[in-house]
Amino acid sequence: MNTGEINIGNYSQQGYSVLAREILTTSSSITAIRRIDLASFRNYSSLRIDVGSSPVILTGANGAGKTNLLEALSFLAPGRGLRRARLDEIAKRDNECEDSDWAIAVRLEKPTGEITIGSGINSQSQFSRTKKRIVQIDGKQASTQAELAKHFSIIWLTPEMDRIFLDGSSGRRRFLDRMAFGFSPEHAQRISTYEQAMRARQRLLRDNNYDPDWLSVLETTLAAEGVAISALRIEVIKRLNAVLNSSDFQTGKSYFPIVDLELVGEVDRWLYEGPALAAEDRLKSVLFEAREEDRFSGRTNHGIHRSDLKVININKEMPAALCSSGEQKLLLIAIILAHSYLLTLDYGLAPILLLDEITAHLDDKAREGLAFRILDLGLQAWLTGSDENQFTNFNGSAQFFKIEDGNISLANGR
């Protein structure tokens, strides 16, 4: 995967189709988790599971631990995991132990070979009053979580995200940013730097006795990092739109609606209208002029943290927020499959998908389409559900496991 600046090509929709047939059928793009070790994670005291590179189906009753296993895997990406839980809330608790330590380690198969990745917290690691998450790659401690994005991409859909088009814009930005990590690992570090600078600026403004030179440094950082973040978001959206409307992606049955994406925000508009350097200067000027406004409101009122991802169902010419719950899920699935298609096409490195209770609100045709696309792209997707019958389209092409009270076994001898 590219670990430098993103290189956005100018592919036409037809160009994507031609390139896809060459790359998807000839390139070894398998990226797969082959072993998982858990220690004191949610309802798992300990767990080791070895799996193949094909899709993994996890079934079981509510509360058995299906989502917990996906959450553990989500900590292989920068950020707070799919539940966005506090780190000290994750460890398994019982009457004998109130420790908040936990860990996950995986053996990851890539086209270039195997690596081991681990993450977790331990009682010896303190950062201020909170526990600090440690990341290790091939036994060496990484300097930041952003290092994870250099090795593979992982993205998820959960039932909580069913409201992503109805709730506030922050969830939509996180969804877009997780996809952007796959194209530029530096994106994760840029977001972290931007958020730290924004918090530091607000603290200075709140104190109302600040060093103007230091405040200018922070605003310069916000402008530079913010414009870079917005630029990558816009380019990723352009590529996603090209795939979502490409003849290759839409070939055959119309399993999913045609989707159009747009990034809407003050800084984003400046980038649509002019060069990045001009947008940087403009944002820095706006932040300077808004110091008093931001001090009184207690928040930063301008910047890329105010942007929103606009999603349109082209088939119905309707905003996603007005679509039915089933249609909204289809829109989300179409977007992540287009993202998977792009990463496989551009880097020959397919992402790993975590799809929790994914078949909810899907009819038989949509379930067929989901299986077809996952298998066609050669993805290792981890899917959960209460019943094996929800995944009959994967029969013979996936690994089925049953989870009961934190114990996992092959389902029906599969």
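Summary table
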| quantity | calculated |
| --- | --- |
| Cα coordinate range in segment 102-198, projected on the principal axes (Å, largest first) | 41, 40, 27 |
| Globularity ratio of segment 165-345, using Cα Rg and 2.2 N^0.38 Å | 1.15 |
| Candidates I234, I137, I33, ranked by Gaussian network fluctuation over the chain, Cα under 10 Å, top entry | I137 |
| Cα-based Kirkwood hydrodynamic radius, the chain, one decimal, Å | 22.6 Å |
| Size descriptor, Kirkwood hydrodynamic radius, that averages inverse alpha-carbon separations across segment 290-414, Å | 17.6 Å |
| Size-normalised alpha-carbon gyration radius of segment 332-371, reference 2.2 N^0.38 Å | 1.28 |
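No lab work stands behind these numbers, since they all come straight from the coordinates. Remember, it's a predicted structure, so these values are computed and weren't measured experimentally.
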